[in-house]
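The values are calculated or read from the model by the stated rules, or taken from the named source; none is laboratory data. Keep in mind the model is a prediction, meaning the values are calculated, not measured. Here the Cβ positions follow ideal geometry from the backbone for every residue, glycine too, while neighbour counts run over all protein chains shown. In case anyone asks, the SASA skips ligands and DNA or RNA and just uses the protein heavy atoms, side chains included. Shrake-Rupley method; radii C 1.70, N 1.55, O 1.52, S 1.80 Å.
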Amino acid sequence: MINSQRLAQRFQALVKIDSLSRQERDVASELEKILTAMGATVCYDTAGEQVGGNCSNLVAKFKGNVDADPIFLCGHMDTVGPGKGIKVQFKDGIFKSDGTTILGADDKSALAIILEVMDVILENKMDYPPIEIIFTICEEIGLLGAKHFDYSLMDSKFGYILDSTDTEGIVTKAPAANKIILKLYGKAAHAGAEPENGVNAIMVASKAISKLELGRIDEETTCNLGIIKGGIATNIVPDFVEIHGEARSHDLEKLKRVTDNIVNTFQATAEEFKDNSDLPRIEAFVENDFPNTNISEDHKAIKLARKAADNLGIALVSKTIGGGADANIFFGKGIVAGVLGTGMTDVHTLNESIAIKDMEASAKLVLEILKIYAAGEIS
């Protein structure tokens, strides 16, 4: 029932519309036009104004023709760079860019798949539940669209986000993450004439970093310091350095422990260098970036997906990942989102690609989920 040619054409058309984060308006307008022609009621929230973008999250609602609680389907409209002027190449069933940009299968494949599923349902006059389609902005720069989404526009309490790779997997567990910013203040001095009168902020920071265990802490916990900014000249003892990092874990106690260890190590190291003054001094800022996702295997979102996969002869595998997605933010709001794959590979690189057969497989799985749900087979 999936129209492979239509799916391919729509994917190519969407990919060719530039939609870097905060610049999603053009692709949103195209999606709005398509969804409105299908009979959906379409609206936007005000997230774009809050994040400084030219577009907000798009919400489209189909009433359905069976009595059931609403279910949502979701993908994000933005892409990473380089993502302007994408030239799509299609050969041997594989989509790629010309090698000068990303392809944008992350997450344009999701948009095309969701639209194809709705086309199939409507043109075949199939039974279907009330469906809410949510296309978010700014997922790639910190899940900002989901963080600023107006959840009063959403009636669904569960659904699926298409933003993973494996078409035979469903993400049920993802970590929580903390953002960490450390500001270390020292004292400037001439590095050649009187270095002993300065307090080298970079040196103190490097001492602290050397004491930390970074990277993979255990099977469910990681941490990283990824940005260091400081110093203005080689002949000046640097009086300031700023470090940005993160910690992630599926275990909230471990997340707190690793985060606290980073902050406390910097504080303790600064104390070691103090000599009758308040320098060096540390300011630490910790912010929860996103909550964890942990979906029970007996939740209907998982049971529906497994039943659908079984009907299609697929053994759907529950997956635990180390990254965050819009699903994490939804989960923190009490909304369960199973993350499904579209087949995209090498995302965020110039080698990104996706096979049309994988997009078809993803569309078939979503369609089967909706059929089963409409039939009331899973309570």
Taking Rh as the Kirkwood radius computed over C-alpha pairs, what is the Stokes-Einstein D of the range 226-379 at 37 °C in a medium of viscosity 0.692 mPa s, expressed in µm² per second? 163 µm²/s
Given charges at beta-carbon only (K, R positive; D, E negative), |dipole| of the chain in Debye: 420 debye
Pull up all non-local amide H partners of I236: gap of 5 or more, or a different chain, and H-to-H distance under 5 Å with H placed in the peptide plane. A191
proj_area_mean for the range 102-255 (convex hull on C-alpha atoms), units nm², value 14.5 nm²
Determine the calculated [θ] at 222 nm for the chain from helices alone, applying -39500 (n - 2.57) to every DSSP H run no shorter than 4 residues and normalising by the residue count; nearest 500 deg cm²/dmol. -10500 deg cm²/dmol
Apply the Karplus parameterisation 6.51 cos²θ - 1.76 cosθ + 1.60, with θ equal to phi minus 60°, to every residue of the range 222-234 and state each ³J(HN,Hα) to the nearest whole Hz, in sequence, with x for glycine and proline. 9, 8, 7, 10, x, 9, 10, 10, x, x, 10, 6, 6
Mind listing the long-range amide H neighbours of K274? Cut-off is under 5 Å, sequence gap 5 or more, other chains count too, H placed in the peptide plane at 1.01 Å from N. none
Crossing angle, helix 252-273 versus the chain [Cα axis fit, 0-90 degrees, rounded to tens]: 20 degrees
In percent, how large is the relative contact order of the range 225-379, given Cα pairs closer than 8 Å and 6 or more residues apart? 16 percent
GNM, the chain, Cα, under 10 Å: largest mean-square fluctuation among A188, A337, A327? A188
Of T41, T172, T222, T234, which has the most accessible area and how do the rest follow, probe 1.4 Å? T234, T41, T222, T172
In whole Hz, what ³J(HN,Hα) sequence does the range 177-191 give by Karplus (6.51, -1.76, 1.60; θ = phi - 60°), x for Gly and Pro? 9, 10, 8, 10, 10, 10, 10, 10, 9, x, 9, 6, 7, 5, 5
So which aspartates and glutamates can K187 reach, going by Cα to Cα under 16 Å and dropping same-chain residues fewer than 8 places off? E196, D239, E242, E271, E272, D275, D278, E283
To the nearest Å, what is the center-to-center distance of the range 131-147 and the range 236-266, using C-alpha atoms only? 27 Å
Within the range 1-96, how many Lys pairs sit with Cα atoms under 26 Å apart, leaving out pairs fewer than 8 places apart on the same chain? 12
Working from Cα positions, state the angle (0 to 90°, nearest 10) between the long axis of helix 356-375 and the longest principal axis of the chain. 70 degrees
Residue by residue through the range 26-43, which ³J(HN,Hα) values in whole Hz follow from phi under the Karplus form 6.51 cos²θ - 1.76 cosθ + 1.60 (θ = phi - 60°), with glycine and proline marked x? 5, 6, 5, 4, 5, 5, 4, 4, 5, 5, 5, 5, 6, x, 7, 8, 10, 8
Would you please give the residues with an amide H less than 5 Å from that of T79, counting only those at least 5 places away or on a separate chain, with H modeled from the backbone geometry? S19, L20, S21
What order do M126, M118 take when sorted by accessible area (1.4 Å probe), most exposed first? M126, M118
